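Reading through the structure tokens given below for one structure.
The values are calculated or read from the model by the stated rules, or taken from the named source; none is laboratory data. All figures in this text were calculated on a predicted structure; none of them were measured in a lab. Note: ideal-geometry Cβ built from the backbone for every residue, glycine included; neighbour counts use all protein chains shown. The area values use the complete protein model at the heavy-atom level, side chains included, leaving out ligands, DNA and RNA. Shrake-Rupley method; radii C 1.70, N 1.55, O 1.52, S 1.80 Å.
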Amino acid sequence: MADQIVITEKSSQAKDVRAAIGSRYGIVLPAEGHLIDLLEPEEVVPEWKRWSPILLKPDGLYGTRPAMGGNKAAKLKAIHEALRTATCVWLATDCDREGQLIGQEILEHYDYRGKVMRVLFTAQDSQTIRTAFSEARPNAEYARLYAAAVARRQADQIYNLSLTRTATVVLGRGGRGVIGVGRVKTPTLAIVCRRELEIRNFVPVTYFEVVATAKIASGEFKMRHAPQERILRRDVAEAVAAAAQGFEGPLGVRVEDKRQSPPRLHDLPSLQKLCSARFSWSAARTLEVAQELYDGQGKKIITYPRAEVRYLPESLIADVPRIVAGLQVGQSFRNIPVPTPPVIRRGASGTFHDKGLEGASHHAVIPNVNTVDTLREVWPRLSLDEKKLFDVIARAYLAALMPDFRYRQTTATLDVQGYAFKATGRQPIELGWRAAFPDWQPADEKGDGAALLPTLRDGEPARLHDPIVEAKETKPPPRYNEGTLIEAMQNAWRFVDDEVLRDRLKEAKGIGTPATRAEIIGGLKKQEFLISQGKTIVPTETGLKLFGVLKEADQTLVDPGQTAQLECLLDDVVVGKQEMMAAIDAVCDVARRIIGKLATSASAGGLALPGAARGNDGDTRPPTPAMKRYAESLARQQRIIPPAGYATSGAICRAFLQQHAPGKSATAPNIASTTKITSAMPAPPDPLGPPSKKRRRRAGTKAAKRSPGQAAPRGKRRIVGVPGDAPSGASAQNARAKTPLKIPYGNKEVAQKLGARYGSDGWYAPPGVDLSAFRDRGWL
């Protein structure tokens, strides 16, 4: 056997590594995403097999075991056999935190104590890989990165499973469905639900502005009276227009020369936002296309796409001339006037910023310096979508090396009897980086702000005529698309009211990670909590109901700001500001408090999810013949005894199948915690669905025997002291305060004008609203 081995993250990566280095560093063996799973709660503490509202935190950490499903067992066996004789291991998994975990967890599971070297590459061409092996560092230098990955995985297992079980037992009241709670997934649903309720409850307000034509010696132009405190009465606006008619006075003119730096380079979230807006791509589609450009056969023309920062290290300044020259060979980029030498911007406001990369595993997405010379040959092999995305990445890189956009801004003001009229114009002086985007026009250059003004002199007289009163209306905030939702997840500090905390969270990376956010959104869609409506994402009624129940049960469950704080703690492990166990304990403390609050609510006869089982009338339907046959087959194959009642109870049989069927469960962080409401629905579908390519690579196909979103607790549950049919005092009082309404589709504006509002339980009339109009229309 070889005394050295190389471990990669997947087979295609192993193929590229073999092509680059052969067997120089030993046999190259691929993993298949995570080959090691965490133990189940009941495997650690047998009493935890019964679902109850408790914190599933073991003494120390959850242990590990080999994962199952796919080719995982065979690949793990090959690596295990090689480790027996290996004196040196080269970890060549992805260059991020998850890649560190995928490789090192195998070594920790088998207690390997030989020499370990870490190979990091941010592009997958042969030259980059060879250089990475020659510059490999001892794996011990990445202990914090591994500790951060372990902390996140352990914390997610404890938080997600504990709260999923608690919510199912307390809010589901013994129903057969699982009410999953995810540390990231549930707040993501909350972001969309809050916006939807804000839109539905939005009442537009009409306001007025006055526009008049100003005449001067050199021509005419429009001036507008649009005070910060809006004019809400037409008669007031008409009085302003009357004062403006024929008014003559001196102009106040201010001329400023301004400059604008180029936009920052792209990370994955910014690419997903842009592609969603420009190409109507889903977040997953953007990642899929980027991954193909990164490691596709015969391509490999961009750097690692799962970037989480928008800076480059200063060491890459030396690559600038070669990348620019390689890009400008192509017809698409040949006419972009990058200066010689290019403009190099350093520091926080620039492109090359070493300090901005602290705690990050990889830099912004840019063209691959080692394959840019082959673009002429690669280009015909690219799909249309791949060409679109590469064009976005390449133009951003070139623009970052070009001069500032310089323009002259003219502002003219006129005081009309105390009413301020204003006109603004912008005249380009030097296009600079804007030449890289010839067809792009920013929003602030559309409308009045981009008007071309005649030559103006400060103090010259102007006469107004033909004033017009324009009626306008306030608009609700726009619905999210996948790109703007990912941006909201990344900027979760915006959901925090505390100013000090907001400032700290601005430096954090939001909720979720660049690699998991698309999967989180996709999972919510698969569970039918979110749906696509054109280019936008909206919550389903089921999603809104779940949000309403969880919010009323405990605000923390649906608070993106709280989740962002926990993410910040976990990220601090990487840079040494937080110890691994302290970060896990902090997450557990939050979970413990929520569990206590939910349990207290249950004992007081608190909330239940709509459709939850009440009393003893839970699911009593028998399993189908196919379910029984499959359960018996699994029991024989795995040499286990099926649970009592599997042949007569559909719930028990379904739970057994979901727990033991191969490929039907996962324990990946943020993915395992499903939130499907199935209490009043047919048998729940697999909430994860077929594993994606990246999920196999990372955490999503760990073949555990349980998924908190799938394995329903056996038998029926009823919390002692919870009256099944009687609402709590708070609920009864709330019901008396609101009058439910049935508003037909298409009558939203009429209903709102009559005083109706929309909440998590549907349309209602608040206290004090006259109900006669609703009664006359048959809407009560």
Provide the per residue accessible area, probe 1.4 Å, for the stretch 319-413, rounded to a whole number of square angstrom.
43
For the stretch 218-324: rounded, prolate or oblate by the Cα gyration tensor [a/c cutoff 1.5]:
prolate
Which semi-axis lengths, in whole Å and largest first, follow from the square roots of five times the eigenvalues of the Cα gyration tensor of the stretch 411-555?
44, 21, 18
Bounding extents of the stretch 152-209 in its principal axis frame from Cα atoms, largest first in Å, are 57, 30, 12
At a Förster distance of 45 Å, what's the computed FRET efficiency of Glu749 paired with Lys258, Cβ-Cβ distance as r, to 0.05?
0.60
The rounded separation in angstrom of the Cα centers of the stretch 335-357 and the stretch 300-324 is 11
Where a Cα-Cα gap under 14 Å defines reach, which aspartates and glutamates qualify for Lys526, not counting those fewer than 8 residues away within the same chain?
Asp686
So if I take the centroid of the Cα atoms in the stretch 127-196 and the same for the stretch 461-528, what is the distance between those two points in Å?
23
Summing Lys, Arg as +1 and Asp, Glu as -1, what charge do residues with Cβ under 10 Å from the Cβ of Cys193 carry, Cys193 excluded?
+2
In units of 2.2 N^0.38 Å, the Cα radius of gyration of the stretch 347-449 is 1.60
The Kirkwood hydrodynamic radius of the stretch 276-423, taken as the inverse of the mean 1/r over all distinct Cα pairs, in Å, comes to 17.4
Whole-Å semi-axes of the stretch 4-129's equivalent ellipsoid (Cα gyration tensor)
32, 15, 13
What does the extension gain come out to for Ala239 and Arg322, with contour length at 0.36 nm per residue minus their alpha carbon separation?
23.4 nm
Among Lys300/Lys387; Lys355/Lys577; Lys185/Lys475; Lys475/Lys753, which pairs are too far apart, with a Cα-Cα distance over 18 Å?
Lys185/Lys475
